[in-house]
Each structure stands twice: as structure tokens, then as C-alpha cells.
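Just so it is clear, none of the values below were taken in a lab; they were calculated from the coordinates. This one's a predicted model, so the numbers in the text were calculated from it and none came from an experiment. Neighbour counts are summed over all protein chains in view; Cβ atoms, including those assigned to glycine, are modelled from backbone coordinates with ideal geometry.
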Amino acid sequence: MPCEGPVHLRRAGIADAAGIAHVYVVGWQEAHIGLVPPEYAACMRAKAREELWRGEIAMDGPDRTPWVALIDERIVGFASGGLARDDDADSGMGEIYQVYVEPACWRRGIGSSLLRHVVRDLHHHGFERAGLWVITGNAPARAFAEKHGWSTDGATRFEDCGGTQVEQVRYLHALR
């Protein structure tokens, strides 16, 4: 799909779940070609993600729902964050859960804008720092994080999808 026209950001509503799920699946699959086994990529299904996002958005308060980026009311990106889910996290640590942009819209500053909005939200909610997990071999995603001042702290974890394990590395960033 073309990615032309002005982009605007707003908070997600339940009706945005399908658009978020679509962007997640196509963005995730394109970003991870050759980095994960095909069995792992096959676990990414838009319909299942749509139901997940409907539930998440319904539970979140209006100041905690994900941000969506739109062109002509079509969702082309989204980002979300909240309380860090790591075992070693304390109450001052937030997490960027996801930043995804439709591949046709990469390198237009949309991901950067979404990231800044979620970082601002985390800071507003009292978090002092945040983590961001990236698949270890995803050089573009790692460069994106580093460009925005994030740095690795040496922590790694493995994510399972259909019995396939993929290594991730954690980035941290102070929220000032």
C-alpha cells in the first residue's frame, strides 16, 4: 500500500484493533525475514492479534491506550508501553512493548514519532527509565533504538513461538 500524505497520531480505540493487528503482522514479518525460523513467523496471525488488541484497549484507561499513526484514517503504525514485565524490574521501570510501522511507510519518521509519544507517556506516569526488547539479530531495529539514545544492558531472554526459541536483547533508556 502506498504511504503518501500527512500522518497524524492519536490514541487507539477498540475499532482500531484490526488495523493494529494488520500493521503488527506485516511489520513484524517483514522486519524479521531471515532472522527467525518460518515456524516462528507462522505464529503471527492477524485475527488472533485483533482479539488480543480489542481486549487490551478495552481494559486500558484512555491515557494508556496505544498510539496509532494514520494516513487518511488508515492505520500505518502503532506503539504501546507500560509497566516493565521483567523479573528484575522495579516500580520505576517502564517498557516499550511495541513500535511497528507498515513496511511501505518505513523511514518516514513515523516510528520515531510513535516512540517519542510512548516515552513521554511513560515519563508522565512516573517511570524513571524504560526497557525495550529487540530480537538480537535485528540490526535495523537495534540501530533505531540506538539512534534514539537507547543502549543495551547485557540482559537477554528467549521468546517462544510454537516451540521455536528466539533470542532478544534488552535496551534501556532514562526517561527525563
GNM on the chain, C-alpha springs below 10 Å: top fluctuator among 109, 137, 61?
61
Quick one: what Rg and Dmax do you get for the range 13-111 from the alpha carbons, in Å?
14.1, 42
Mean-square fluctuation check for the chain, GNM, Cα pairs under 10 Å: which of 149, 13, 81 is largest?
149
For each of 123, 8, count neighbouring Cβ atoms within 10 Å of the residue's Cβ, then give the residues from fewest to most.
8, 123
For 9, 132, 122, 70, what ranking results if the residue with the fewest other Cβ atoms within 10 Å of its Cβ goes first?
9, 70, 122, 132
In percent, how large is the relative contact order of the chain, given Cα pairs closer than 8 Å and 6 or more residues apart?
22
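So which GluC sites (Glu not before Pro) in the range 6-96 end up in coil per DSSP with only 10 or fewer other C-beta atoms within 10 Å?
Numbers: sites: 30, 39, 50, 51, 56, 73, 95; in loops: 73.
Filter output for the range 6-96: 73.
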Taking the chain and counting helices only, DSSP H stretches of n ≥ 4 at -39,500 (n - 2.57) each over all residues, the nearest-500 ellipticity at 222 nm comes to -10000 deg cm²/dmol
